[in-house]
Amino acid sequence: MAATATKPLTPAPQPATPLERLHAERASLARELDGLNAGVARLRETANAEAAVRAELDELGRIETGAMLKWATEGCHGEAPRSDQQTRIRLAQKLNAAQAAAAAAKGAGADIHQKIAALNDRLRSISAQIEQAIFDKMETEHGHVITQYRANCEQGSKLAAQIHGLASFYGDAGRTLISRGDQDAGTMYLQRASALTNIKLPNPGVNRHEIEAAASNWGRRAAALRSGK
């Protein structure tokens, strides 16, 4: 029987840009930090177990003291109440185990807290690098906008020259015709030149509202880059 061909595994996509790599590293560190914080919570439960056992011992002591006080105040009839030695032995063993676990948890907790501090330092460093990468990304995009604006201005200048060129041609032709004695034809050209000269072209300037809207767009862009989404 012929062997069945296996389909090659598709490699996982790798971050393509420095900003994507930083976001991937930050996400990895955040997951590691979540795991360490969960470990701290579990260690805290272990440390609290000692206090719970001590509370049981205290409660047993209060019960035994109450029984002894009742026996004494009622005339000490019969045998004095006995201490619950089996429970005390069990609680003492439980306390020893809890104390040993608490000591181990304390040592492990100190190590984990050091790791958490190191991770937080790394996360702060990455956050600063992300901000710098955002500056670089946005200013690159801003540069593309400037390039587009300059190209449009250059194109607009060429178009404006063509617009004004026709009026200039009409004016020159009209004056030439008048100089040659053709008053009617020259006047017609000059009138058309005057009409074209009065055409109002749009001003490329921007108003405050447009600037504020553009600022909001840049703000949303920065937030998207910062979140990595």
Show the residue pairs meeting these rules: Cβ distance below 8 Å; 6+ apart or different chains; first residue within the range 201-228 and on the phi > 0 side of the Ramachandran plot; second residue assigned to a helix (DSSP H, G or I) and surrounded by 10 or more Cβ atoms within 10 Å (Cβ to Cβ).
G228/L19; G228/E20; G228/H23; G228/R26; G228/A27
For the condition in a helix (DSSP H, G or I) and more than 30 Å from P204 (Cα to Cα), what is the one hit in S83, S125?
S125
When restricted to E210, E139, E154, the only residue within 30 Å of A27 (Cα to Cα), assigned to a helix (DSSP H, G or I) and not polar (S, T, N, Q) is E139
Filter result for L29 (touching a Lys or Arg at 6+ places or on another chain (Cβ under 8 Å), within 30 Å of M138 (Cα to Cα) and surrounded by 12 or more Cβ atoms within 10 Å (Cβ to Cβ)):
yes
Among the residues of the range 121-154, write down those that are among the basic types (K, R) and surrounded by 11 or more Cβ atoms within 10 Å (Cβ to Cβ).
R122, K137
In the range 59-81, the residues that are at pLDDT 85 or above and loosely packed, with under 11 Cβ neighbours inside 10 Å
R62, T73
Scan the range 157-184 for residues that are surrounded by 14 or more Cβ atoms within 10 Å (Cβ to Cβ) and more than 28 Å from P202 (Cα to Cα) and report the count.
4
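For the subset of the range 185-215 comprising residues that are of a type in the set (S, T, N, Q) and exposed (fewer than 10 other Cβ atoms within 10 Å of the Cβ), which member is nearest to I163 (Cα to Cα)?
First, the residues of the range 185-215 that are of a type in the set (S, T, N, Q): 187, 191, 194, 197-198, 203, 207.
Still in the list and also exposed (fewer than 10 other Cβ atoms within 10 Å of the Cβ): 198, 203, 207.
On the way: N198: 11, N203: 15, N207: 25 Å.
Result: N198.
The values are calculated or read from the model by the stated rules, or taken from the named source; none is laboratory data. Small disclaimer: the values here were computed from a predicted structure and weren't measured. For neighbour counting, all protein chains shown are included, and Cβ atoms are generated from backbone atoms with ideal geometry for every residue, glycine included.
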